[in-house]
Amino acid sequence: MLKFDETLFLKHVEKEGLSFRGQIEGIVDKISEKGYRNIFLIGIGGTVAMMYPYEYILNTNSTIDVYAVNAAEFMVMNHKHFGKDSVCIFVSESGTTKETVAAAKYCKERGATTFALVAFPNTPLTESVDYCITTGSEKHSFDTFFMLLYIVIFRFIYNNKEFPQYEQFTKEVSLLPRAIVNAVKSFDQKAEEFAIKHKNTDYHMLVGSGNLWGNTYSYAMCILEEMQWIRTKSIHAAEFFHGTLELVEEDTSVILFKGEDETRPLIDRVERFAQKITRELTVIDTKDFAMEGISEEFRKHFAVSVNWAVINRMNPYLERERNHPLDLRRYYRKMEY
């Protein structure tokens, strides 16, 4: 597979990533024992999108109050539910994202408990929070963060006496990296075919819902727009029929991210409509992947990681077919704005 090293992936995500379980549980247990009022999941761009699945998971599996918020907006909005009894969780690959670092300092200065997952140690973010897990590498960092956030969030739910299945769940988390490898292998040819077919497509509609909405939003903005300069629109399946449907024509590229949570019927509805109108419908469905060892009960949660891994297999092929390096930027971190 183009630009995919299975051994390296398993090293970073399975061997090294899973080694943080005990450390994470210790942090969450300490916070839970102290007590808290609510949880804020704070990020910007791709990292706030990464928080959306866990906001959805908490809202559908727990009575814990949770808010996924944009770091820059959060600092100016005077959020009335935020206070010294809040727990604020951050994610950053570089540990240098200005808005995220500023938000972490803002929260800590106001007495809230702050906790971050960061790829690199000794960065502004690691130095701005109460608790931090540093994975040590940017390689497959988002795959690792997704996996660690499962442990963080479900440990909070477990400590809230709402998830007695926690031990079985974490056992299945340990199986997730190999399930992801098998999924990306089975999808790789389709990823290449998509890139070849759509190398000159200048506009895509991406549709998702539930715990895959964050992936939908992130892939449109962070990958296709930022890394490939392709115009996109990310649309929540529940909103698709309130405006966007009027723009679908027979040659419109519509990409559906189908998961396995309670909102799947919303995507099914979009799919039925799109099949009638466009010839350029792409459906990426986590039900198509075996996820060996993962129980039916937990597949819907792990669909977030599997979806993210397989859709990102399109990236190296788009880069090759479009002759557009993924790290090429005109403005982002290139100029003051």
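Annotations
- Percent RCO, i.e. relative contact order, over the chain, from Cα pairs under 8 Å lying at least 6 residues apart: 18 percent
- Among the cysteines of the chain, CYS132, CYS222 have no other cysteine beta carbon within less than 4.7 Å of their own.
- Sorted largest first, the spans of the alpha carbon positions of segment 1-72 along the three principal axes are 45, 29, 25 Å.
- Over segment 6-173 - Rg/Rh using Cα atoms and the Kirkwood inverse-distance radius: 0.94
- Projected area, mean over directions - segment 223-274, Cα convex hull, nm²: 4.2 nm²
- Listed by chain and number, the lysines whose C-alpha is less than 17 Å from the C-alpha of LYS199, apart from same-chain residues fewer than 8 away, are LYS190.
- Counting every other Cβ atom within 10 Å of each residue's Cβ, PHE302, PHE120 order from fewest to most as PHE120, PHE302.
- Taking a straight line from the alpha carbon of LYS15, these aspartates and glutamates sit under 20 Å away, with near neighbours fewer than eight places off in the same chain left out: ASP5, GLU6, GLU25, GLU93, GLU138, ASP143, GLU167, GLU172, GLU292.
- Put in line by how crowded their Cβ is, counting other Cβ atoms within 10 Å and starting with the fewest, LYS30, LYS105 read LYS30, LYS105.
- Cα-based radius of gyration for segment 66-126, normalised by 2.2 N^0.38 Å, reads 1.05.
- Ignoring the sites themselves, the chain has its longest run without GluC sites (Glu not before Pro) in a DSSP loop having at most 16 other Cβ atoms within 10 Å at 1-137.
- Sequence-separation-based contact order of segment 6-173, relative, with Cα cut under 8 Å and 6+ spacing, percent: 25 percent
- Considering segment 176-322 at the alpha-carbon level, its Rg and Dmax are found to be 14.6, 42 Å.
- Taking the centroid of alpha carbons for each part, segment 137-158 and segment 233-271 are 28 Å apart.
Taken together, the values in this text are just the output of simple stated rules run on the coordinates, not laboratory data. These figures come from a predicted structure and were not determined experimentally. Neighbour counts run over all protein chains shown; Cβ positions are idealised from the backbone, glycine included.
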